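Data block below; observations after.
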Amino acid sequence: MQARKSLRDIKASKEQGKKITMLTAYDASMAGLFHSCGVDILLVGDSLGMVVLGYESTVPVTMAEMLHHCSAVRRGAPDGFVVGDMPYGSYQTDTRTAVENGIRFLKEAGVDAVKLEGGVEVCETVSALGRAGVPVMGHIGLTPQTAAQSGGYTVQGKDDGSARRLLQEAKALEEAGVFAIVLECIPAGLAKVISQSLSVPTIGIGAGADCDGQVLVSHDLLGIFVRFTPRFVKKYADLAPIISQAVTDYVNEVAEGSFPAEEHSFEGQFNYTELLQK
Ligand code: KIV
């Protein structure tokens, strides 16, 4: 079991050229398992909305849902470095609300840090959270909470203008105090430039191999989420058919009476015939 990481350890990974691994977790069992495999950061992503709660997008996810799942992940991985995603609507209206919600993640769910999406427009919020003692991870490029406004779930920063803007946003976020930045769905060359231009680590998803770390949605990596699979995902396992087979076997065995067998049943110290007559 790995020791609990600190913010300093995460920042130091970049200086040491050690790649950071981040993976989403939404419940206690998986969190404990992922932590024991050596995952550096457990992200309770608002992807939770789609892969666990069955919403169409991340937009409907609430503070209550995020806090509920962050608490479960913390209980499952007491020594994990846990980041909670601030859901849409919890930090956009005003700085005070954002800080109050950020503090709730730390106090009520015990996370180590929060993540929020956006560039220059969230820098004041990032600074205010930092002043209040809430460490923040940034997230630029494809930002699912506002994907509808920025052209859908497509690669960002493909032309000169948008690439420059993303580089400026990354620098502004660093200046505002983020300890790391997620780069989602941007060209690998741009992610390399951004990574080289910052002192804080970048964590890529669909952003090539030159980021300082990588993140994937665990349901994608494990092949559990079957609605769609983005091109940048590598499925390390294909669990959906395995789960389907196991559940089908269970249904059939219960129906035909072969489960439970004797080894799954208990004996009692009573006279069966007498008990039946009472
Ligand atoms: O919500 C999430 O899982 C995320 C990752 C894809 C970075 O934000």
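Quick note: the coordinates plus some simple rules give every number you see, no bench work behind them. In this text the structure is predicted, and so the values were computed from the model without any measurement. Don't worry about glycine lacking a Cβ; one is built from the backbone with ideal geometry, like all the others, and counts go over all protein chains shown.
Pop out the ³J(HN,Hα) list for the range 55-67 in order, Karplus 6.51 cos²θ - 1.76 cosθ + 1.60 with θ = phi - 60°, rounded to Hz; leave Gly and Pro as x.
Listing the rounded values in order: 6, 6, 8, 7, 4, x, 4, 9, 4, 4, 5, 5, 5 Hz.
Would you mind putting 216-223, 88-95 in packing order, based on average other-beta-carbon counts within 10 Å, highest first? Please list the in-between numbers first.
Details: 216-223: 20.8, 88-95: 17.2.
Result, highest mean Cβ count within 10 Å first: 216-223, 88-95.
May I ask you to order 200-210, 54-64, 248-258, 141-151 by the average number of other C-beta atoms within 10 Å around their residues, highest value first?
Numbers: 200-210: 22.1, 54-64: 15.4, 248-258: 10.4, 141-151: 17.9.
With the highest mean Cβ count within 10 Å placed first, the list reads 200-210, 141-151, 54-64, 248-258.
With runs of 4+ DSSP H residues as the only contributors, calculate the mean residue ellipticity of the chain at 222 nm using -39,500 (n - 2.57) per run, divided by the residue total and rounded to the nearest 500. Don't skip to the answer; put the middle values down first.
Working: 11 runs with 115 residues, N = 278.
About -12500 deg cm²/dmol.
Can you compute log10 of I(q)/I(0) for the range 164-278 with the Debye formula, treating each Cα as one identical point scatterer, at q = 0.09, 0.10, 0.24 Å⁻¹?
Log-scaled intensity ratios, in q order: -0.50, -0.54, -1.20.
Most fluctuating residue of LYS158, LYS115, LYS19 in a GNM of the chain with Cα springs under 10 Å: which is it?
Ranking LYS158, LYS115, LYS19 by mean-square fluctuation puts LYS158 first.
Using square roots of five times the C-alpha gyration tensor eigenvalues, list the equivalent-ellipsoid semi-axes of the range 60-200 in whole Å, biggest first. Please report the intermediate quantities before stating the final value.
Values: eigenvalues 133, 49, 44 Å².
Semi-axis lengths for the range 60-200 are 26, 16, 15 Å.
So what's the chain giving for Cα Rg divided by 2.2 N^0.38 Å, two decimals? Don't skip to the answer; put the middle values down first.
Values: Rg = 22.2 Å, N = 278, 2.2 N^0.38 = 18.7 Å.
Its radius of gyration relative to the 2.2 N^0.38 Å reference: 1.19.
What value does the range 12-84 have for Rg/Rh, both radii from Cα atoms and Rh as Kirkwood defines it? Don't skip to the end; give the middle numbers.
Values: Rg = 13.0 Å, Rh = 12.6 Å.
On the Cα set of the range 12-84, Rg over Rh gives 1.03.
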